[in-house]
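Student: A single structure is presented below for examination.
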Amino acid sequence: MGIKAFFKKAFNDMKESTKAQHEVDKANFAAAKAEAKATWEEAKMPPSQRQAKMQEEREAQIAAANERKAAAEARIDAAKEKEKEKEKHKQNFNISVV
């Protein structure tokens, strides 16, 4: 491959990469714009409606935290069970050796 072909391929690759990044940037800009509009619309809510929405969000966060806590407790219990099995096996081995 000659120098000319190398640079032609390199510039074409850069051009395609730039187009793809531009699409990503446009999508991110549209998302940020929509989020800003949503925030603006939420700011115009009556206080009671805003408080209800915030309470729903807090309840969702509490539920998610409780799920994470339950999963962690299950992992702890599994680790303890594994440790008990190890200890039981170790004791059985020691008894059979003696």
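Student: Within segment 31-72, take every residue that is at pLDDT below 90 and hydrophobic (A, V, I, L, M, F, W, C) and give me the one that is surrounded by the most Cβ atoms within 10 Å (Cβ to Cβ).
Tutor: Once the filter is applied, the top-ranked residue is Met45.
Student: Still on this model: Applying the selection to segment 27-52, what residues are of a type outside the set (A, V, I, L, M, F, W, C) and under 23 Å from the mean Cα position of the chain (by Cα)?
Tutor: The initial filter retains those residues of segment 27-52 that are of a type outside the set (A, V, I, L, M, F, W, C), namely 28, 33, 35, 37, 39, 41-42, 44, 46-51.
Answer for segment 27-52, where residues must be of a type outside the set (A, V, I, L, M, F, W, C) and under 23 Å from the mean Cα position of the chain (by Cα): Asn28, Lys33, Glu35, Thr39.
Student: Just checking, does segment 59-71 include any residue being basic (Lys, Arg) and within 34 Å of the chain's Cα centre (by Cα)? Talk me through it step by step, then tell me what you get.
Tutor: First, the residues of segment 59-71 that are basic (Lys, Arg): 68-69.
Remaining after also requiring within 34 Å of the chain's Cα centre (by Cα): 68-69.
Yes: one or more hits.
The values are calculated or read from the model by the stated rules, or taken from the named source; none is laboratory data. In this text the structure is predicted, and so the values were computed from the model without any measurement. All Cβ positions, glycine included, derive from the backbone under ideal geometry; neighbour counts span all protein chains shown.
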